[in-house]
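**Student:** Below is a structure I'd like to ask you about.
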């Protein structure tokens, strides 16, 4: 079944492009050091749809990937119920700033990449639940030291917030939502 959101399913041909894009996305949404071999394995798993994993792609000009999402099934440390983990979700740096002529058109498809990825995730979730015949949780983990407020606002526009993460040992200057660094 094809999704109606203009996000295509990734294939093996997308692996090289995702090997460039996904580390850029993860560098902004992960506080632990990234592992190139693990990222490669994850991308291959999603592109080859192994064990229910899937990646979505929004193509840009000249065959460059403008935005992508990757999802895999994961297992909790405390439950036998698997869940869908959104392991990357974001736009390529070149696609984040809209040219003025596109920004002036409210319904231009490029102005809504995040919404399209979110709707693809919702479609994927609904499809997985229907196939399984029972509830499946889909989870986004937002672990970042930068731009937390805008990221939480974007996720909050698209999905219900059901918790939070707290951490010790994260390096960098953390800016809590709604506060300046000086007030933190």
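The values are calculated or read from the model by the stated rules, or taken from the named source; none is laboratory data. Remember, predicted model here, so these are calculated numbers, not experimental data. Here the Cβ is made from the backbone with ideal geometry for all residues, glycine too, and neighbour counts use every protein chain on show.
**Student:** Of everything in the range 1-12 that's surrounded by fewer than 18 Cβ atoms within 10 Å (Cβ to Cβ) and within 19 Å of residue 91 (Cα to Cα), which residue is modelled with the lowest pLDDT?
**Tutor:** 6
**Student:** Mind checking which residues of the range 135-162 are in a loop (DSSP other than H, G, I, E, B), at pLDDT 85 or above and within 18 Å of residue 76 (Cβ to Cβ)?
**Tutor:** We begin by selecting, within the range 135-162, every residue in a loop (DSSP other than H, G, I, E, B); these are 135-137, 141-147, 159-162.
Next, from what is left, pick out any that are at pLDDT 85 or above: 135-137, 141, 159-162.
Within the range 135-162, 135, 136, 137, 141, 162 qualify.
**Student:** Shifting gears a bit: Across the range 45-74, what is the total count of residues that are surrounded by fewer than 11 Cβ atoms within 10 Å (Cβ to Cβ) and closer than 21 Å to residue 131 by Cα? Write out each step before concluding.
**Tutor:** Residues of the range 45-74 surrounded by fewer than 11 Cβ atoms within 10 Å (Cβ to Cβ): 51, 61-63.
From what is left, the residues that are closer than 21 Å to residue 131 by Cα are 51.
Adding up the residues that qualify gives 1.
**Student:** Based on what the data block shows, is residue 100 at pLDDT 95 or above, more than 19 Å from residue 152 (Cα to Cα) and out of contact with any strand residue (DSSP E or B) (no Cβ under 6 Å at 6 or more places or on another chain)?
**Tutor:** On the way: at pLDDT 95 or above: no; more than 19 Å from residue 152 (Cα to Cα): yes; out of contact with any strand residue (DSSP E or B) (no Cβ under 6 Å at 6 or more places or on another chain): yes.
In short, no.
**Student:** Can we say residue 69 is in a helix (DSSP H, G or I), under 28 Å from residue 166 (Cα atoms) and in contact with a helix residue (DSSP H, G or I) (Cβ under 9 Å, 6 or more places away or on another chain)?
**Tutor:** no
**Student:** Of the conditions (1) over 26 Å from residue 150 (Cα atoms); (2) in contact with a helix residue (DSSP H, G or I) (Cβ under 6 Å, 6 or more places away or on another chain); (3) outside any loop (DSSP other than H, G, I, E, B); (4) modelled with pLDDT under 95, residue 62 clears all except one; give me its number.
**Tutor:** So the condition that residue 62 fails would be (2).
**Student:** Restricting attention to the range 7-31, which residues are touching a residue at least 24 places away in the same chain (Cβ under 8 Å) and assigned to a loop (DSSP other than H, G, I, E, B)?
**Tutor:** Listed by number, the residues that qualify are 7, 10, 11, 28, 29, 30, 31.
**Student:** How about the range 24-44: which of its residues are at pLDDT 95 or above and surrounded by 19 or more Cβ atoms within 10 Å (Cβ to Cβ)?
**Tutor:** 42, 43, listed by residue number.
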